[in-house]
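Structure first, commentary second.
Please treat every number below as a calculation from the coordinates, not as lab data. No experiment lies behind these values; they were computed from the predicted model shown. Every residue, glycine among them, receives a Cβ derived from its backbone with ideal geometry; neighbour counts consider all protein chains shown.
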């Protein structure tokens, strides 16, 4: 499997996991983004196709683990991408994988050993880690406080490499952050004039999206 296709599948799976967290009112403090058991739902049913996916994941981990996704006023935020083979927990009679805490409230089956992928957003200042949260948890909280963000995430997950969708979810994220002034002031020296100014703080996108001569935002 190509890395491009694997990333697209991961983003789709993240959106689905967040939707499940909300639908079943789960805590979702540290759930996987995707496991081998969930790959069937995305058309990867054979051993060879699943093995190809996890090889692509290893390529992603080697290249993008620790990638800076935002460089703010105080410190940086990175993505931590963790691929492991571990005991996992699945809600009975579903393909929904959760963390052990949620199994105290719903009936779970234990899957002894399975490939699992987790993604964390980590914020650090100097050499100190000041923030680390599972990306599923973070997105669930964003939607819980700002229901409109759900549409933003769903649209992005459909075509995550489409320029307009990247700009759209960045705009939605800025709207969420603007409601938390303390966090906002930590990230930005001044109020951004438009979303392009925000994107300049995201090194991984800078070369792709900036400059955008046709963008009038």
| If packing is taken as the mean number of other Cβ atoms within 10 Å per residue, what is the order of 29-39, 7-17, 150-160, 120-130, highest first? | 29-39, 7-17, 150-160, 120-130
| remark: Simple spin-label estimate for residue 24/residue 48, 7 Å along Cα→Cβ, in nm, reads 3.3
| said: Rounded, prolate or oblate for segment 1-130? Axes are the square roots of the Cα gyration tensor eigenvalues, ordered a ≥ b ≥ c, and the cut-off for rounded is a/c under 1.5. | reply: oblate
